[in-house]
Amino acid sequence: PYGTSYSYKVKAYAGTNVSQPIEQTQNFVLSAPSNLAIIPQSATSIKLTWHDNNQFEQGFKISRKIGSGAWEEDIATVNANVLEWIDSAVNSTQFFEYKIRAYFQNYQSDYSNTVIFDMSRFVYVQGGTFQMGSSSGDSDEEPIHSVTLSSFYIGRYEVTQGEWQSVMTGNANGISATPSYFSGNSTRPVEGVSWYDIMVYCNRRSIQEGLTPCYAKGGITNPNNWGTVPTSTNVEWDAITCNWSANGYRLPTEAEWEFAAKGGNQSQGYTYSGSNIIGNVAWYSSNSGSTTHPAGTKAPNELGIYDMSGNVWEWCWDWYGSYSSSAQTNPHGATSGSVRVFRGGSWRSYDYNCRVANRFYVNPVYSSNSLGFRLSRTIP
């Protein structure tokens, strides 16, 4: 019967000679499924996948929690030979949690690990092809060229001081958990962080949330083993690599950043991210009062993303380099360099520098009270 523990012994013999027994005990119970994971399918659907750890269950039951609500138990049931399920009822503003369990008749296993799908902080950017650059700006915005991108996630907001502190408190890399000049409000964007600092933040947050880290320094992904962040240019830190297949947090590429800032496939061709009237969407030199502002307090762009023009500049992954006229697919920027790209303008910028095509660059060790970042994630 289910729930019973069985023990067996086996002995070898030859005539009257008998070996010592080998004993094995087996509990007839259901083991919980493992490795529950989320694979996004679109802006409104996700696929759950998992590993089966039994041979006799009848199937699996899926439970879901939306926001701060109660768990919705057993919202769906699938057969034993099915190891995936699609939820087509997600939306772009809520926080979803999932867990599953195996069942046999009236018996049920423990739950699997719980996975989180947080669309309240991230935007699904459907892949597509766009024209990157501008013919009405600086020379390094040319030539305009065709870029095709796979779908990805990008932060709905710039990373805030509260998010930075919750991840970086107690880090082993000598990085301040409270680096911002405009401190005292956890909802303001974090600033005063270098590109090197952000490599640590991304991997620490990925590990904390059970995701696969994207970045590796000398083949090592745990930043606890990276040492202290240097205060001057460092060859080892400049050689950090990115696993573009990992599901953890990373900086957007320059192409991803511009595509998202322009509104992705829903772009209306605005000069600034979400409008031709800069004051509607950006905190910049003429309206900021010489300070940052809480993230998301201006209007969003076509995709529901905030502050891609103004508030703080945003680091990108790429080494700075000249554009090519050739069409590109999922470009990651120059293969080497001495300065990294940042985009979007800030509270101290003139309107010209808040344009979605505008490019700037600086040494990766640099930090400023007008320079922050937002996160991105690869969709498997």
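The values are calculated or read from the model by the stated rules, or taken from the named source; none is laboratory data. A quick note: this is a predicted structure, and the numbers were derived from the prediction, not measured. Reconstructed Cβ throughout: ideal geometry from the backbone, glycine too, with neighbour counts over all protein chains shown. Ligands, DNA and RNA are stripped out before the accessible areas are found, and what is left, the full protein with its side chains, is counted by its heavy atoms. Shrake-Rupley method; radii C 1.70, N 1.55, O 1.52, S 1.80 Å.
Put +1 on the Cβ of every Lys and Arg and -1 on every Asp and Glu Cβ in the chain; which of Val159, Thr329, Gln108 then has its Cα farthest towards the positive end of the dipole?
Farthest towards the positive end: Gln108.
Towards the positive end of the charge dipole of the chain, with charges on Cβ (+1 Lys, Arg; -1 Asp, Glu), say which of Gln208, Ile277, Val90 has the farthest Cα.
Gln208
Check the chain and count each lysine pair with an alpha-carbon distance under 25 angstrom, considering only pairs eight or more places apart or from different chains.
Lysine pairs meeting both conditions in the chain amount to 6.
Take the alpha carbon gyration tensor of the range 253-380, find the square roots of its eigenvalues, order them as a ≥ b ≥ c, and report rounded if a/c is under 1.5; if not, report prolate when a/b exceeds b/c, else oblate.
Here the range 253-380 falls in the oblate category.
Take the Cα of Ser45, step 7 Å along the line toward its Cβ, and report every residue of the range 347-380 whose backbone nitrogen sits under 18 Å from that point.
379-380
Hey, any idea what the orientation-averaged projected area of the convex hull of the range 29-184's Cα atoms comes to, in nm²?
For the range 29-184, the mean projected area of the Cα convex hull comes to 14.9 nm².
In debye, nearest 20: dipole of the chain around its Cα centre with unit charges on the Cβ of K, R (+) and D, E (-)?
500 debye
Taking every alpha carbon pair in the range 179-318, what does the distance histogram look like in 5 angstrom bins from 0, in percent?
Reading upward from the zero bin: 2, 9, 16, 18, 18, 16, 12, 8, 2, 0.
Set the Förster distance to 56 Å, then compute FRET efficiency between Lys11 and Asn234 from the Cβ-Cβ distance, nearest 0.05.
Computed FRET efficiency for Lys11 and Asn234: 0.30.
Can you show me the helix-derived [θ] at 222 nm for the chain, built from DSSP H runs with n ≥ 4 at -39,500 (n - 2.57) apiece and divided by the number of residues, rounded to the nearest 500.
Value at 222 nm, helices only: -2500 deg cm²/dmol.
Based on the mean of other beta carbon atoms within 10 Å per residue, what is the order of 211-219, 356-364, 154-162, 108-116, most packed first?
My ranking of the peptides, most packed first, is 154-162, 356-364, 211-219, 108-116.
Rolling a 1.4 angstrom probe over the protein heavy atoms, how many square angstrom per residue are accessible across the chain?
Dividing the accessible area of the chain by its residue count gives 45 Å².
Can you compute the charge dipole magnitude of the range 1-100 about its Cα centre, using +1 on each Lys and Arg Cβ and -1 on each Asp and Glu Cβ, nothing else charged? Give it in debye, rounded to the nearest 20.
260 debye
At 7 Å along Cα-to-Cβ for each site, give me the label-to-label distance between Asn185 and Gln131 in nm.
3.8 nm
Which distance in Å, rounded to a whole number, links the C-alpha centroids of the range 64-122 and the range 220-273?
Comparing the Cα centres of the range 64-122 and the range 220-273, I get a distance of 30 Å.
Using packing as a proxy for protection, rank 67-79, 291-303 so that the peptide with the highest average count of other Cβ atoms within 10 Å comes first.
291-303, 67-79
May I ask you to give the percent of accessible area on the range 114-265 that is carbon plus sulfur, with a probe radius of 1.4 Å?
Its accessible area is 45 percent carbon and sulfur atoms.
Considering only the other residues whose Cβ falls under 13 Å of the Cβ of Val190, what net charge follows from Lys and Arg at +1 and Asp and Glu at -1?
Net local charge, Val190 excluded: -3.
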